[in-house]
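Participant: Got a structure for you, questions after.
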Amino acid sequence: MRNNCARKRLVTRVLFLCTGNYYRSRFAEVLWNHREQETPSGWVADSRGLCLGLGLGNIGPISQHALRGLRARGIHLAEPIRAPQQAAADDFAASQRVVAMSAAEHRKMVLDLFPDWVDAVEYWDIDDVDLCAPEAALAKLDGRLRELRAELP
C-alpha cells in the first residue's frame, strides 16, 4: 500500500569552483538552480572562488559575461546580487559533488589550499575569458551542466 503522506526529499549539494567566484562558477550555480526549479532533481548548487584576490579588477558582484549568458537563457537575477565568496573547507565537506571549472587552472589551487580534497574534486575544461570567448565557454559549460544533471541519481 502506498503512503500518501508527502515526504520531504533530501537535498544534496553540488559545489562549483572557479578562481574568483565571479564568472564561470556563478553562471553554473545560477543556471543549475534555475533548472532545479523547473525540473527538481533534489540537487542544489552553490559556488565559491579559490582565490578572490586575483579578481581585484572585477566590477560588481558578478561578471557581465555571466549575466549576458544567463539573460540569453531567460534568467534575470533579482537585486541584490550576492558578492563572490571564498571557498572554505566546510564548503567541500557540505557538498556531495565538487566541480572546478578548469583542471589546468584550478587543480594546483585546490592542492595548495585544500590538499585533502584535491582528488575528490571533478575538474572540467571550461576556460576563462583569456583563453576562450565567453559565448563559447558558457555554451560548453551549459552542456556540461546538462550532462551532470542527467547522470546524477
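The values are calculated or read from the model by the stated rules, or taken from the named source; none is laboratory data. Please read all numbers here as calculations on a predicted model, not as lab measurements. So basically every Cβ, Gly included, is an ideal-geometry build from the backbone, and we count neighbours across all protein chains shown.
Participant: Identify all residues within the stretch 34-93 that are of a type in the set (S, T, N, Q) and under 20 Å from ASP130 (Cα atoms); write none if there are none. Quick ask: steps written out before the conclusion?
Facilitator: Applying the first criterion (of a type in the set (S, T, N, Q)) to the stretch 34-93 yields 37, 39, 41, 47, 58, 63-64, 85-86.
Correct list: ASN58, SER63, GLN64.
Participant: Still on this structure: Going through the stretch 64-86 one residue at a time, which ones are in contact with a helix residue (DSSP H, G or I) (Cβ under 7 Å, 6 or more places away or on another chain) and not in a helix (DSSP H, G or I)?
Facilitator: Step one: list which residues in the stretch 64-86 are in contact with a helix residue (DSSP H, G or I) (Cβ under 7 Å, 6 or more places away or on another chain), which gives 65-66, 69-70, 73, 75, 77, 84, 86.
Within the stretch 64-86, ARG73, ILE75, LEU77, PRO84, GLN86 meet the criteria.
Participant: Taking GLN86 as the residue in question, decide whether it is of a type in the set (S, T, N, Q) and in contact with a strand residue (DSSP E or B) (Cβ under 9 Å, 6 or more places away or on another chain). Show your work before the answer.
Facilitator: Numbers: of a type in the set (S, T, N, Q): yes; in contact with a strand residue (DSSP E or B) (Cβ under 9 Å, 6 or more places away or on another chain): yes.
Spelling it out, GLN86 is indeed of a type in the set (S, T, N, Q) and in contact with a strand residue (DSSP E or B) (Cβ under 9 Å, 6 or more places away or on another chain).
Participant: Ok, one more. For the stretch 44-62, state whether one or more residues are in contact (Cβ under 8 Å) with a residue 24 or more places away in the chain and surrounded by fewer than 12 Cβ atoms within 10 Å (Cβ to Cβ).
Facilitator: Looking for residues that are in contact (Cβ under 8 Å) with a residue 24 or more places away in the chain and surrounded by fewer than 12 Cβ atoms within 10 Å (Cβ to Cβ), one finds none in the stretch 44-62, hence no.
Participant: Right, another one. Sort through ALA139, ALA78, ALA120 and tell me the only one that's under 18 Å from VAL30 (Cα atoms), surrounded by fewer than 17 Cβ atoms within 10 Å (Cβ to Cβ), hydrophobic (A, V, I, L, M, F, W, C) and modelled with pLDDT of 95 or more.
Facilitator: Values: ALA78 fails: modelled with pLDDT of 95 or more; ALA120 fails: under 18 Å from VAL30 (Cα atoms).
From the options ALA139, ALA78, ALA120, the qualifying one is ALA139.
Participant: Among ALA104, ALA136, ALA150, which is the only one that is within 18 Å of LEU52 (Cα to Cα), outside any loop (DSSP other than H, G, I, E, B), over 15 Å from the mean Cα position of the chain (by Cα) and small (Gly, Ala, Ser)? Spell out the reasoning first.
Facilitator: On the way: ALA136 fails: within 18 Å of LEU52 (Cα to Cα); ALA150 fails: within 18 Å of LEU52 (Cα to Cα).
Selected residue: ALA104, the only one of ALA104, ALA136, ALA150 that is within 18 Å of LEU52 (Cα to Cα), outside any loop (DSSP other than H, G, I, E, B), over 15 Å from the mean Cα position of the chain (by Cα) and small (Gly, Ala, Ser).
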